[in-house]
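One structure below.
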Amino acid sequence: MTEEKQYLTKEKYNEFKKELETLRTTRRKEVAEALEYAKKLGDLSENAEYQQAREDQAGLEDRISHLEQVLKTAAIVDDRHSDTVGIGSTVKVERAGSSEHQIYKIVGSEEADMAKGKVSNLSPLGAALIGKKKGESFTIATPKGKAVYKLVSIEA
């Protein structure tokens with residue numbers, strides 16, 4: 001696994017730490033108990049409960065490993081107040097030919113959520129915005145072709 005930095009807000013970092021602690025303690029115990037119960041049901045080769053418990057255990061260990069890696073490589077970012085866009089910036093953009101504005105916050109890939117207006121710094125839109133200043137236009141490739149946007153303002 002790569003040691004690439006994961007950009008997280010302090011809130012998301014704490015949320016991941018809490019989730020990791022819960023998975024390591026409570027959830028591991030629950031899965032272990034389910035596995036023990038399923039073993040007692042007999043023939044393991046045709047035991048659906050045992051197979052499900054093994055899959056749950058594998059999924060749990062994968063999630064724990066992922067969270068450990070994310071937290072290990074995490075770089076905490078605060079809201080950014082600058083005249084250029086960076087991770088932590090909240091921006092207002094306008095697509096060429098439209099008078100409607102969209103507001104996005106540039107976040108690390110672990111926090112991206114378009115429904116909440118959080119765009120990954122690695123996404124085409126996020127990557128295109130990094131380093132831009134108010135008033136600059138930029139182009140990104142979309143499934144329907146190229147789209148031109150203008151950075152209306154940097155909110156934070």
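We did not get these values from a lab; they are worked out from the coordinates using the rules stated. Quantities reported herein were computed from a predicted structural model and do not represent experimental measurements. So basically every Cβ, Gly included, is an ideal-geometry build from the backbone, and we count neighbours across all protein chains shown.
In deg cm²/dmol and to the nearest 500, what is the mean residue ellipticity at 222 nm of the chain if only DSSP H runs of at least 4 residues count, each as -39500 (n - 2.57), divided by the residue total?
Details: 4 runs with 56 residues, N = 156.
Counting only the DSSP helices, I get -11500 deg cm²/dmol.
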Residues in segment 100-127, backbone N under 20 Å from the label point at Arg24 (7 Å along the Cα-to-beta-carbon vector): list them, ranges by number please.
-> none
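Kirkwood hydrodynamic radius, segment 80-156, all distinct C-alpha pairs: what's the number in Å? Walk me through the intermediate numbers first.
Numbers: mean 1/r = 0.0819 Å⁻¹.
One decimal place: 12.2 Å for the Kirkwood radius.
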If one computes the Cα centroid of segment 10-66 and of segment 97-113, what distance in Å separates the two points?
-> 35 Å
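Considering every Cα-Cα pair within segment 1-95, what fraction, in whole percent, is farther apart than 21 Å? Write down the numbers at each step before the final one.
Values: 2392 of 4465 pairs.
Taking all Cα-Cα pairs of segment 1-95, the fraction more than 21 Å apart is 54 percent.
Could you pull out the pairs from Lys39/Lys72; Lys72/Lys92; Lys18/Lys72 whose alpha carbons sit more than 24 Å apart here?
As for pairs spanning more than 24 Å Cα to Cα, those are Lys39/Lys72; Lys72/Lys92.
Could you compute the FRET efficiency for Ile103 and Asp56, with r as their C-beta to C-beta distance and R0 at 35 Å, rounded to 0.05? All intermediate terms of the calculation are to be shown ahead of the outcome.
Details: r = 39 Å, r/R0 = 1.13.
Working from the Cβ atoms, E equals 0.35.
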10 Å Cβ shell holding at most 15 others, DSSP loop, trypsin sites (Lys or Arg not before Pro): longest site-free stretch of the chain | 41-133
Expressed as a whole-number percentage, the relative contact order of the chain with C-alpha contacts under 8 angstrom and at least six residues apart is 23 percent
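Over segment 90-154, what relative contact order in percent results from Cα pairs under 8 Å that are six or more residues apart? Spell out each step's value before the answer.
Working: 120 pairs, mean separation 21.8, N = 65.
Relative contact order here is 34 percent.
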